[in-house]
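Notes to accompany the following structure.
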Amino acid sequence: MEHFPLVNRLHTDVLKENYGSIEADVIRHNDEFREAHLVDPDGVSRTYAVTFFPDEHANETVQRINEKIRSGGAIGITFREHDYAIRKNVLDVFVFNLTDWLQNAFQTDERYAKARLSEFYAKTPEEEPVIYGDVLEVYTPDFRPPIINAVDTRQINPSTEQLEDKGFTRDEVWHRIGNENDWTDAQQTYQEARVNSLPFVFNLQEKARSFVDNRDHHNNDTEEDQ
């Protein structure tokens with residue numbers, strides 16, 4: 001089984017190799033978040049994803065890309081089409097309690113699934129990396145069993161905000177993720193950033209769980225937000 005790819009290779013690339021063609025079934029995309037299923041040819045969800053956006057996008061180019069994504073484009077594929085490389089800064093990997101509607105979407109009787117929180121990084125050769133959003137991914141249990149393994153744990157990093165607070169630049173974070181997420185030469189500073197990230201990551205995890213638990217409330221909003 002291939003582990004979660006941090007560099008360039010997209011989650012949808014891995015899904016396609018397991019299930020054939022994969023399409024994004026977008027439930028909602030507004031200025032605050034995007035909610036979608038990645039579905040196989042039979043319409044079964046193989047990943048449920050929510051992207052929480054910053055208050056404003058990093059620059060005008062990312063704003064234009066976001067509008068194309070909002071019009072139906074897949075996130076990673078659309079960024080690649082605009083010559084952006086993709087990396088993920090994983091903030092947490094955890095076991096997620098499936099609600100009835102997620103069980104139905106996954107067509108599973110399992111009550112638990114693996115979930116991941118990441119910062120979605122994108123970069124062109126001329127610019128420093130930007131963060132498009134914080135992403136929750138919940139995986140169908142037959143794709144990712146609800147077990148946190150050693151590779152999952154090794155991929156977990158501090159938030160970019162806390163790394164920057166400790167003096168790491170975004171370019172450095174980008175390159176270290178690309179170099180097998182290697183922080184061995186800066187362990188003390190790195191660990192301090194990781195501890196300082198815990199409140200942010202906890203709050204983001206709670207935000208994600210609350211979003212899923214209250215999904216029906218979100219989806220009863222007016223269609224103008226879609």
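Mean separation of Cα pairs under 8 Å and 6+ residues apart, divided by the residue count of the chain: what relative contact order is that in percent? It would help to have the intermediate numbers written out before the result.
Values: 350 pairs, mean separation 42.1, N = 226.
In percent, rounded to a whole number, it is 19.
For the chain, what does the helix formula give at 222 nm: sum of -39500 (n - 2.57) over DSSP H segments with n ≥ 4, over the residue count, nearest 500 deg cm²/dmol?
Result for the chain, helices only: -11000 deg cm²/dmol.
Students often forget the sequence filter, so: which lysines lie under 28 Å Cα-Cα from K166 once same-chain residues fewer than 8 apart are removed?
Hits, sequence-local ones excluded: K88, K123, K207.
Considering only E81, E110, E23, give the residue with the highest GNM mean-square fluctuation for the chain, with springs between Cα atoms whenever their separation is below 10 Å.
E81
I want to verify a result. In a Gaussian network model of the chain, Cα cutoff 10 Å, which of these has the top mean-square fluctuation: K123, K88, K166?
For the chain, modelled as a Gaussian network with Cα springs under 10 Å, the answer is K166.
For N97 paired with E32, estimate the spin-label separation in nm (one decimal), with each label point 7 Å from Cα along the Cα-to-Cβ line.
2.3
Where is the GNM fluctuation largest for the chain (alpha-carbon springs, 10 angstrom cutoff): F143, F79, F52?
Judging by the Gaussian network model, the answer is F143.
Taking only Cα atoms, what is the 0 to 90° angle, nearest 10, from helix 187-213's long axis to the longest principal axis of the chain?
20
If the chain between A85 and E127 were fully stretched, how many nm would it gain, using 0.36 nm times the residue separation less the Cα-Cα distance?
14.0 nm
Could you tell me how many degrees, from 0 to 90 and to the nearest 10, lie between the Cα long axis of helix 60-70 and the main elongation axis, the longest principal axis, of the Cα atoms of the chain?
Between helix and principal axis, roughly 20 degrees.
Which one is right for this structure if Cα extents along the principal axes in Å is calculated from it: [x] 46, 39, 33; [y] 85, 54, 32; [z] 49, 39, 36?
Computing Cα extents along the principal axes in Å and matching it to [x] 46, 39, 33; [y] 85, 54, 32; [z] 49, 39, 36 gives [x].
For the pair T61 and D171, what calculated FRET efficiency results from E = 1/(1 + (r/R0)^6), where r is the Cβ-Cβ distance and R0 = 22 Å, to the nearest 0.05? If you can, show how the numbers build up before the last one.
Values: r = 18 Å, r/R0 = 0.80.
The computed FRET efficiency comes out at 0.80.
Note down the nm distance, to one decimal, between modelled labels 7 Å out along Cα→Cβ at Q191 and at E164.
In this crude label model, Q191 to E164 measures out at 2.6 nm.
Mind ordering 136-142, 197-203, 43-49 by average Cβ neighbours within 10 Å, highest first? Kindly include the intermediate steps, with their values, before the conclusion.
Numbers: 136-142: 22.3, 197-203: 14.6, 43-49: 20.1.
My ranking of the peptides, most packed first, is 136-142, 43-49, 197-203.
How far apart, in nanometres, would the label points at I77 and V44 be if each is projected 7 angstrom from Cα along the Cα-to-Cβ direction?
2.1
Post the alpha-carbon centroid distance, region 158-219 to region 67-133, in whole angstrom.
15
Throughout, read-outs are computed from the coordinates displayed, never taken from laboratory work. Nothing here was measured: the structure is a model prediction, and the numbers come from that model. Neighbour counts run over all protein chains shown; Cβ positions are idealised from the backbone, glycine included.
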